[in-house]
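A.B. asks: Below you will find the structure I want to go over with you.
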There are 6 protein chains.
Amino acid sequence: MAWIKIIDEENAEDSLKEQYDQLIEPWGGVDNILKIHSLNPESLAAHVKLYKTLMYGKSPLRRTEREMIAVVVSSHNRCYYCMVSHSAAVRKISKDPILGELLVMNYRSADLSDRHLAMLDFAWKLSENPDKITDADREDLRNEGFDEHDIWDISAVASFYNMSNRMASAIDLMPNTGYHQKAR
Amino acid sequence: MAWIKIIDEENAEDSLKEQYDQLIEPWGGVDNILKIHSLNPESLAAHVKLYKTLMYGKSPLRRTEREMIAVVVSSHNRCYYCMVSHSAAVRKISKDPILGELLVMNYRSADLSDRHLAMLDFAWKLSENPDKITDADREDLRNEGFDEHDIWDISAVASFYNMSNRMASAIDLMPNTGYHQKAR
Amino acid sequence: MAWIKIIDEENAEDSLKEQYDQLIEPWGGVDNILKIHSLNPESLAAHVKLYKTLMYGKSPLRRTEREMIAVVVSSHNRCYYCMVSHSAAVRKISKDPILGELLVMNYRSADLSDRHLAMLDFAWKLSENPDKITDADREDLRNEGFDEHDIWDISAVASFYNMSNRMASAIDLMPNTGYHQKAR
Amino acid sequence: MAWIKIIDEENAEDSLKEQYDQLIEPWGGVDNILKIHSLNPESLAAHVKLYKTLMYGKSPLRRTEREMIAVVVSSHNRCYYCMVSHSAAVRKISKDPILGELLVMNYRSADLSDRHLAMLDFAWKLSENPDKITDADREDLRNEGFDEHDIWDISAVASFYNMSNRMASAIDLMPNTGYHQKAR
Amino acid sequence: MAWIKIIDEENAEDSLKEQYDQLIEPWGGVDNILKIHSLNPESLAAHVKLYKTLMYGKSPLRRTEREMIAVVVSSHNRCYYCMVSHSAAVRKISKDPILGELLVMNYRSADLSDRHLAMLDFAWKLSENPDKITDADREDLRNEGFDEHDIWDISAVASFYNMSNRMASAIDLMPNTGYHQKAR
Amino acid sequence: MAWIKIIDEENAEDSLKEQYDQLIEPWGGVDNILKIHSLNPESLAAHVKLYKTLMYGKSPLRRTEREMIAVVVSSHNRCYYCMVSHSAAVRKISKDPILGELLVMNYRSADLSDRHLAMLDFAWKLSENPDKITDADREDLRNEGFDEHDIWDISAVASFYNMSNRMASAIDLMPNTGYHQKAR
């Protein structure tokens, strides 16, 4: 776990308790990344809202594609917490356990469609050199059939994990151990 | 302005119109960074909520300190939009117009307290090498008197701008022109 | 598999057949990294000899320690082949399946002894900036109790994987699929 | 010389003595890089075997080409030992004393054929960013007439020096002084 | 001001006084970057001569173009002194106050002609990776209509600020405060 | 030679001829780096003046020390022209032919005094990350006995070669061939 003081499920009260109740996972607890917000329930609510909108809301991007971006950005930033949890998601949704590992380790080694390769190249560059993104990079996406709404969503997901990765690294957040074996 | 399709103040309807009405600035319009979310009002709401919580909500960090972090992270990522708007905020709140420029250009040239220097060094490293943050870096903050809650908030603000900077760069967002002369 | 032409177990003759016979794994085949040398049996023999000496020969370093270095160097170089095979070895030898993943993703997140952290910091720096290694870095190892022979062996293993990683990346070598589930 | 304990020619016994006897140079001694393996004669034998196979064995690459790769990889890694010894080899084999210096200092300043430039660009990228090598890079080599066997050998030599350079830097190996004036 | 001992206008004598008299600005003093040379009047004279020749002498490049290069190189090197003074010059000469800020923050966000973009891309690369400049980079300039004399002058100005930026950073030079408000 | 048009010794007229006459070397010609300025005799004069002042003028730094800085900065920037000419100068002045090569290849491998190591570490950092120079770096110099004037001169020489290296790389300047054998 992270070093930061956390209010456990059993000690949550009021607004925090209400939120925990809604966030409880099938295994019977709340994810660590949510609990670390416990000192600040408002920020927890906003973080969850943004996460849910981007990862589960309406989007021209499929769920797997959003998780693929999450893993690749987290691989760039070498964020342990996010790689563990989102590679589990990739394994589960794609039913391709090896794909999860490939994206953690080096997406360029994966046997991806040109479309997915372009999507991940953009997410990587936006993570590595955001200042060098120009219209030529967006053009590479358009050439693979992505429209403006797609590009917005790719950018939003990739940007979101550049936040989450740093938050997790800053406070040394550890994943719930259940993720490791999931969908192997 | 960014290349992305935006719904203007006059064409907003329903939930979007409601939000715009609440977000209108003294100069009579809505900030561009908010308008670019117009295709997706839910994501707009979540983004604004998180931004308001982190930058204006309760925190042991003073308003100036949060804006200083915003500018320095944006300087690392060379994000034009965020540097323009948040250096204007630094100029206004701190009443020190030169401080805003120093943080945009190179915070190491500014005549900062050891406390503020440690805070900005941490924000810079979290932006540059999030994977290399270890407890030694948090210890540097503790040595300058920051407690765990402070460290959480420094991390949260720095992480937030690592998201916002990339979003702005990905879609080539331009600031409203009013910011440039503000508080010179 | 890699794009390079490979002589299979069933088509190997003479010196190559002899070597394959000795290198056959419990699952009944020869590892891909060995087969890619099939155009050049002499280079295969030399590569295997060096690998066996460094990883299984007499050394003050324990087997787990050598595999830990192998994974961390491969993580630095983002070599898919070597991370898959050597993290499986770490999982198996250490009987700690999560340790394997931590070293793949970011060894700084693992809960390591100071001794192992120093060992991996040295291996990382030797991979990242070999030109900046000075006696101060060797002194850091000595301070954790490593003697000259230990330092030689840490250096030799880390250097070896800086070769193997590049060879695997250069020819796009894929691991035998059996490694993925091993010792989870 | 390196700080590591070395067994001199006169004190070598048994297997080590046998090997030294075969490795003696025209000037009457054994190269330092070989002597630093003296604590571990098996590793010495494997290292020499691999070196001899790659640098002197059968290959579609000419001897000069292999030495050129050795110097350029060593220049990337700023390895003093390897630059001194292999630039001497380039000077001697190519009978072009200035070429040796150009490759040490910046191969892009040399007046190379397109074929050699492509070969050295590949070796440089494999040293600098092995994780970013893709088939496009191998295609650049094919476009200059290199076939699969050539690419394998270019990769093998470049990878080998990424090992040797680090070994030399890790133990601060100094070249035998005779190399400096050779073939000027 | 910088930490280095400086001889003020009122204490200057002989050759230094003569030079100061010629360098006095409309606001009644001598620029700080000139005064820091006061320990060494000969070096001051040579520095001023080179500066005047490159920035005000005959050249196929317009004055604005030379100032644009000065700002962008200084942005790469994050030199506070040079960004402040030369962005003021850009603002004044171009009568475009926002252009000055864009070049300080990220020239890729500015709405530049292809010609100016090529010019600034060259200046950036020459600052970031001088060793990787090849004829392909000069060809990019020629394709935008720059001839050999233009390329020489672009290179000379960009190189000059790679010197001046480092000198200013090395001695922590602060700009005269008058620059900040100029031509907003 | 560089691609840029150059006026030879025999075709120089007026001011250029006068300057050439004063710059003629013992071997009977003018150095290439001076001749490339021939299109612009004023800039030539200013460049020579600054060079002479910094490298041959009065300074608390010895001649060898200035040449050592020149070589190490040029090694950082991988500038072929400057490494060739200034390593020849180091060889000649120091009467230590191997020192010249060590500084070209990796000054950290040289057996330097703590004082010289600190001086070259500062020159390297000023070349690599001028924006990260702080008073702590100047303090490292002071701890080795350098005073303010020394620091100014170290900075001035290191900065000067960050200009010259880029000028030489930008125009692909080749050294006069006489340098290679000098003082071996």
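A.B. asks: Taking each label point as 7 Å beyond Cα in the direction of the beta carbon, state the distances from C:TYR51 to the same residue in the other copies, shortest first, in nm.
C.D. replies: Those label-point separations list as 2.2, 4.1, 5.4, 5.4, 6.2 nm.
A.B. asks: Related question: Please list F:25-31, E:41-47 highest first by mean number of surrounding beta-carbon atoms within 10 Å per residue.
C.D. replies: By packing density, highest mean first, the sequence is E:41-47, F:25-31.
A.B. asks: Quantify how strongly other chains surround peptide D:77-88 by giving the mean number of their Cβ atoms within 10 Å of each of its Cβ atoms.
C.D. replies: Per residue, the number of nearby Cβ atoms from other chains is 4 on average.
A.B. asks: Label B:LYS95 and E:LYS95 with points 7 Å out from Cα along Cα→Cβ: what is the distance between them in nm?
C.D. replies: 3.7 nm
A.B. asks: If you fit an axis through the alpha-carbon atoms of helix E:148-170 and take the longest principal axis of the Cα set of chain E, what angle between them do you get, 0 to 90°, nearest 10?
C.D. replies: 50 degrees
A.B. asks: Please get the size of the charge dipole for the range E:54-106, origin at its Cα centre, with Cβ charges of +1 on Lys and Arg and -1 on Asp and Glu, quoted in debye to the nearest 20.
C.D. replies: With only Lys, Arg, Asp and Glu charged at Cβ, the dipole is about 200 debye.
A.B. asks: Within a Cβ distance under 13 Å of B:ILE133, other residues only, what is the Lys/Arg minus Asp/Glu net charge?
C.D. replies: Once positives and negatives cancel, what remains is -2.
A.B. asks: Could you tell me the relative contact order of the range E:1-46? Use alpha-carbon pairs under 8 Å, at least six residues apart, and round to a whole percent.
C.D. replies: 45 percent
A.B. asks: Once you wrap a convex hull around the alpha carbon atoms of the range D:141-184, what is its projected area averaged over all directions, in nm²?
C.D. replies: The directionally averaged projection comes out at 4.8 nm².
A.B. asks: Using a 7 Å offset from Cα along the direction of the beta-carbon, what are the separations from B:LYS95 to the same position in each other copy, nm, ascending?
C.D. replies: 3.7, 6.7, 6.8, 6.8, 8.2
A.B. asks: Using the Cα gyration tensor of the range E:1-48, with a ≥ b ≥ c the square roots of its eigenvalues, what is the shape: rounded (a/c below 1.5), prolate (a/b larger than b/c) or oblate (neither)?
C.D. replies: Since a/c stays below 1.5, the shape of the range E:1-48 is classed as rounded.
A.B. asks: Once you order the gyration tensor axes a ≥ b ≥ c over the Cα atoms, which shape class does the range E:3-80 get: rounded for a/c under 1.5, otherwise prolate or oblate by comparing a/b with b/c?
C.D. replies: The shape class here is prolate.
A.B. asks: Quick one: putting +1 on the C-beta of Lys and Arg, -1 on the C-beta of Asp and Glu, what dipole do you get for the protein assembly as shown around its Cα centre, in Debye to the nearest 20?
C.D. replies: That gives a dipole near 0 debye.
A.B. asks: Let me check against my output: what whole-number percent is the relative contact order of chain F, with C-alpha pairs under 8 Å and at least 6 apart?
C.D. replies: For chain F, the relative contact order is 30 percent.
A.B. asks: Sticking with this one: Quick query: amide H of C:MET174 versus all other amide H atoms, modeled in the peptide plane; which residues come in under 5 Å with a sequence gap of 5 or more or a different chain?
C.D. replies: Amide H neighbours of C:MET174, under 5 Å, 5+ apart: C:ALA2.
A.B. asks: A follow-up question, please. Rounded to the nearest 100 Å², what is the sum over both chains of accessible area buried where B meets E, with a probe of 1.4 Å?
C.D. replies: 2000 Å²
A.B. asks: Let me ask another. Output wanted: per-residue J couplings in Hz (rounded whole) for the range F:66-71, from phi through Karplus 6.51 cos²θ - 1.76 cosθ + 1.60, θ = phi - 60°, x for Gly and Pro.
C.D. replies: My calculation for the range F:66-71 gives 5, 5, 4, 4, 4, 5 Hz in order.
A.B. asks: From Cα coordinates alone, what are the radius of gyration and Dmax values for the protein assembly as shown in angstrom?
C.D. replies: For the protein assembly as shown, the Cα-based Rg and Dmax read 30.3, 92 Å.
A.B. asks: Taking +1 at the Cβ of each Lys and Arg and -1 at the Cβ of each Asp and Glu, which of F:MET163, F:TRP152, F:LEU173 sits farthest along the dipole of the range F:145-184 towards its positive end, judged by Cα position relative to the Cα centre?
C.D. replies: It is F:LEU173.
A.B. asks: Something else about it: Enumerate the residues in the range E:35-54 having an amide nitrogen under 11 Å from the point lying 7 Å beyond the Cα of F:TYR56 toward its Cβ.
C.D. replies: What the label zone holds, given the 11 Å backbone N cut-off, is no residue at all.
A.B. asks: Another question, then. Over the range B:37-79, one equal point on each Cα, no solvent: what is log10 I(q)/I(0) by the Debye formula at q = 0.25 Å⁻¹?
C.D. replies: Summing over Cα pairs of the range B:37-79 leads to -0.88.
A.B. asks: A further question on this structure: Sum up the charges of everything whose Cβ sits under 15 Å from the Cβ of F:ASP96, counting Lys and Arg as +1 and Asp and Glu as -1, but leave F:ASP96 out.
C.D. replies: Local charge sum for F:ASP96: +3.
A.B. asks: Further, regarding this structure: What are the distances, in nm and sorted shortest first, from the label point of E:SER113 to the label points of the same position in each other copy, with each label point placed 7 Å from Cα along the Cα-to-Cβ direction?
C.D. replies: E:SER113 label point versus its equivalents elsewhere: 4.3, 4.3, 5.1, 5.6, 6.8 nm.
A.B. asks: In whole Å, how far is the Cα centre of the range A:96-148 from that of the range B:110-171?
C.D. replies: The two parts, judged by their Cα centres, are 28 Å apart.
A.B. asks: Under a straight-distance cross-link criterion of Cα-Cα below 15 Å, which aspartates and glutamates are reachable from E:LYS92, leaving out those fewer than 8 residues away in the same chain?
C.D. replies: Leaving aside aspartates and glutamates fewer than 8 places away in the same chain, those within reach of E:LYS92 are E:GLU65, E:GLU67, E:GLU101.
A.B. asks: Compute accessible area for the range F:157-184 by itself and then with all protein chains, 1.4 Å probe, and report residues whose area falls by 20 Å² or more.
C.D. replies: For the range F:157-184, once contacts with the other chains are taken into account, F:SER159, F:ASN162, F:MET163, F:ARG166, F:MET167, F:SER169, F:ALA170, F:ASP172, F:MET174, F:HIS180, F:GLN181, F:ARG184 lose 20 Å² or more.
A.B. asks: List the lysines whose alpha-carbon lies under 22 Å from that of B:LYS17, not counting same-chain residues fewer than 8 positions away?
C.D. replies: Reachable lysines: A:LYS49, A:LYS58, B:LYS5, B:LYS35, B:LYS49, B:LYS52.
A.B. asks: Moving on to the next point. Tell me the Rg and the Dmax, in Å, that the Cα atoms of the range A:78-162 produce.
C.D. replies: Over the range A:78-162's Cα set, Rg and Dmax evaluate to 13.1, 36 Å.
A.B. asks: Then there's this: Using alpha carbon coordinates only, what is the Rg to Rh ratio of the range E:55-108, with Rh defined as the Kirkwood radius?
C.D. replies: Ratio of gyration radius to Kirkwood radius for the range E:55-108: 0.95.
A.B. asks: Can you give the accessible area of F:ILE98 in Å² (nearest 10), computed on protein heavy atoms with a 1.4 Å probe?
C.D. replies: Only protein atoms counted, so the area is about 50 Å².
A.B. asks: Listed highest first by mean packing, meaning other Cβ atoms within 10 Å per residue, what order do C:172-184, A:66-78 come in?
C.D. replies: Put in order of decreasing packing, that is A:66-78, C:172-184.
A.B. asks: Calculate the mean, over all residues of peptide A:94-106, of how many other protein chain Cβ atoms lie within 10 angstrom of the residue's Cβ.
C.D. replies: For peptide A:94-106, the averaged partner shielding equals 4.
A.B. asks: Count, for each residue of E:127-133, the Cβ atoms from other chains sitting within 10 Å of its Cβ, then give me the mean as a whole number.
C.D. replies: Partner-chain Cβ atoms within 10 Å, mean over residues of E:127-133: 6.
A.B. asks: Whose Cβ in chain C comes nearest the axis that rotates C onto B, and by how many Å?
C.D. replies: C:ASN129, 8
A.B. asks: Sorted by mean Cβ packing within 10 Å, highest first, what order do the peptides D:120-127, F:128-135 take?
C.D. replies: D:120-127, F:128-135
A.B. asks: Angle between the Cα long axis of helix F:114-128 and the longest principal axis of chain F, 0 to 90 degrees, nearest 10?
C.D. replies: 60 degrees
A.B. asks: Would you calculate the volume per residue, in Å³, of the smallest convex hull containing every Cα atom of chain C?
C.D. replies: 118 Å³
The values are calculated or read from the model by the stated rules, or taken from the named source; none is laboratory data. Please read all numbers here as calculations on a predicted model, not as lab measurements. Note: ideal-geometry Cβ built from the backbone for every residue, glycine included; neighbour counts use all protein chains shown. To get the accessible areas, we keep the full protein, side chains included, count just its heavy atoms, and leave off ligands, DNA and RNA. Shrake-Rupley method; radii C 1.70, N 1.55, O 1.52, S 1.80 Å.
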